[in-house]
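Below: the structure, in structure tokens.
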């Protein structure tokens, strides 16, 4: 039997951290930021079906960067956690803080025990007023922090955070918030020309404060284009679902006829 | 991916939370917290005390989907346990479930079924097919068989709008979870025989939603006339049946103002008094 060389905990954690950081930094960043009517999630994602942003519970959303299979697994765990809590207690007892703690414990335990999870997460909960909104950022090592108003994570997270700190302010409209996010996500970290991100390259979702129960909706199609166009008067999402039958997880603004569905 | 010994860290997700490839909440709950399942623990011996029972539910198809309605009474032996009980629930946006039988277990079952459907929706990013929903309900009722044999049976009626077919469909169940698709209309619960007789005369192919709502209310009215466990519309206390339509527009509860008009019309033309 071979004896492993002694590696000090500092050394091991540092290597684990470097490993996780390096791999997370390779991925596209994601931005989560508050606006007057809720919380918006924006990331560059060419896939329509492999999501980086998801609904966890009525008022709670989730965004992740890093390794897909790992954050997908954590997303499902979060949904199970939330649904179990809501089922055994009450829907109002499911909180982002509780969920963020469970994620932090899990990430922290895995980090010290084995290969760290190559993910960074945001757990966001929309409150009744912007002051009640909560944004938790979780790192691969289980460290958790509560952020005021905006978070950037993934590749070039530091530059993005600096840019957000300069330009984000409370009370932005949704279209202002999205325009800001798309602008900084398109920047070239090397200082080159900025890229123009089109709606088709983006994955965008909101937690809409004014919805009665499930606040999470994806945004796509003409609605997203209108929100991102500076000359368009659309500044917020409709608070009711579109009438087309089927799953109402996405608002596309692609309706045309008829008044909006009064009951959502 | 997670070491087993890791489960000793307090607060972290236990292994079943991270098990991949399962989108059923019921299956998760059965594995992780079976005591939270309706009927998850064996009953102690002895005679069951009296407990509330939910009574009559009707459902019928109409041109755009289905209508489901239930009276508001829960009985406990000869007593009225509740005057305003709600027995019709939206299972999700495109389906409704109505319950008859042991009220406590039934309400738990409905809550679990609602979570089940939403859980699937969130994990898979898609709606279950109507047949899929009906089958999941079957499994849940079968899980309650132990309690049913001891007198705590739950007999739901399930109806929904089938998005693939573009039509409403109705499913009834037996206590073993057997699932039967009903044509046109159906009823369950203590007053169901009278309600079904009423629906037999009133139901026609291609009813509009107002006609179907009126037929459903009348069926409950007829059941309440003959069955003491079914509560009729109570115009004094303003308690009306719960009536919901499920169509391509989704689940819509008919509001009490509309129902009071329906009841008034029935009273005028019906010659009940």
Identity of the residue in the range B:25-42, more than 10 Å from chain A (Cβ to nearest Cβ) and part of a helix (DSSP H, G or I), that ends up farthest from residue B:120 (Cα to Cα): B:34
I want to confirm something. Restricting to the range A:166-189 and keeping residues that are free of Cβ contacts under 8 Å to residues at least 12 places away in the same chain and assigned to a helix (DSSP H, G or I), which single residue is surrounded by the fewest Cβ atoms within 10 Å (Cβ to Cβ)? A:166
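Given the range A:1-57, what strands (runs of 3 or more DSSP E) lie entirely inside it while holding 1 or more residues that are more than 14 Å from chain B (Cβ to nearest Cβ)?
A:30-35, A:38-44
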May I ask you to list the residues in the range A:213-247 that are within 13 Å of another protein chain (Cβ to nearest Cβ), surrounded by fewer than 15 Cβ atoms within 10 Å (Cβ to Cβ) and either touching a residue at least 24 places away in the same chain (Cβ under 8 Å) or in contact with a helix residue (DSSP H, G or I) (Cβ under 6 Å, 6 or more places away or on another chain) (or both)? A:213
Name the strands (runs of 3 or more DSSP E) wholly inside the range B:73-151 in which the number of residues that are more than 16 Å from the chain's Cα centre (by Cα) is 1 or more. B:74-76, B:79-82
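Just name the residue that is nearest to residue A:25 (Cα to Cα) out of those in the range A:66-90 that are free of Cβ contacts under 8 Å to residues at least 40 places away in the same chain, in a helix (DSSP H, G or I) and more than 8 Å from chain B (Cβ to nearest Cβ).
Of the residues in the range A:66-90, the ones free of Cβ contacts under 8 Å to residues at least 40 places away in the same chain are A:68-69, A:72-73, A:75-77, A:79-90.
If we keep only those that are in a helix (DSSP H, G or I) as well, we get A:68-69, A:72-73, A:75-77, A:79-88.
When the remaining residues are screened for being more than 8 Å from chain B (Cβ to nearest Cβ), the result is A:68-69, A:72, A:75, A:82, A:85.
Working: A:68: 14, A:69: 17, A:72: 18, A:75: 20, A:82: 29, A:85: 33 Å.
Residue satisfying both the conditions and the ranking: A:68.
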Consider the range A:94-118. How many of its residues are away from chain B (no Cβ under 12 Å) and outside any helix (DSSP H, G or I)? 1
Out of (1) at pLDDT below 90; (2) surrounded by fewer than 17 Cβ atoms within 10 Å (Cβ to Cβ); (3) away from every other protein chain (no Cβ under 11 Å), what's the single condition that is false for residue B:53? (2)
Please go through the range B:179-188 and pick out each residue that is in contact with a helix residue (DSSP H, G or I) (Cβ under 8 Å, 6 or more places away or on another chain) and under 18 Å from residue B:53 (Cα atoms). B:187
State whether the residues of the range A:191-207 include one that is more than 22 Å from residue A:46 (Cβ to Cβ), buried (at least 21 other Cβ atoms within 10 Å of the Cβ) and either within 14 Å of the chain's Cα centre (by Cα) or touching a residue at least 12 places away in the same chain (Cβ under 8 Å) (or both). yes
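Only one residue in B:110, B:66 is closer than 25 Å to residue B:193 by Cβ, in contact (Cβ under 8 Å) with a residue 24 or more places away in the chain and within 14 Å of chain A (Cβ to nearest Cβ), so which one is that?
Values: B:66 fails: within 14 Å of chain A (Cβ to nearest Cβ).
None of the others qualify; the one that does is B:110.
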State which residue is farthest from the chain's Cα centre (by Cα) when the search covers only the range B:9-24 and only residues that are more than 7 Å from every other protein chain (Cβ to nearest Cβ) and assigned to a helix (DSSP H, G or I). B:15
Restricting the search to the range A:248-259, which residues are crowded, with 16+ Cβ neighbours inside 10 Å, in a loop (DSSP other than H, G, I, E, B) and in contact with a helix residue (DSSP H, G or I) (Cβ under 6 Å, 6 or more places away or on another chain)? A:253
Among (1) within 12 Å of chain A (Cβ to nearest Cβ); (2) at pLDDT 95 or above; (3) touching a strand residue (DSSP E or B) at 6+ places or on another chain (Cβ under 9 Å), there is one condition residue B:97 misses while meeting the rest; what is its number? (1)
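Does at least one position in the range A:123-137 carry a residue that is closer than 20 Å to residue A:185 by Cβ, free of Cβ contacts under 8 Å to residues at least 60 places away in the same chain and away from chain B (no Cβ under 13 Å)? Lay out the reasoning, then the answer.
Initial filter on the range A:123-137 (closer than 20 Å to residue A:185 by Cβ): A:124, A:135, A:137.
From the residues that got through so far, the ones that are free of Cβ contacts under 8 Å to residues at least 60 places away in the same chain too are A:137.
Next, only the ones that are away from chain B (no Cβ under 13 Å) stay: A:137.
Checked the range A:123-137: at least one residue is closer than 20 Å to residue A:185 by Cβ, free of Cβ contacts under 8 Å to residues at least 60 places away in the same chain and away from chain B (no Cβ under 13 Å).
The values are calculated or read from the model by the stated rules, or taken from the named source; none is laboratory data. Keep in mind that what you see is a predicted model, and the values were worked out from it rather than measured. Reconstructed Cβ throughout: ideal geometry from the backbone, glycine too, with neighbour counts over all protein chains shown.
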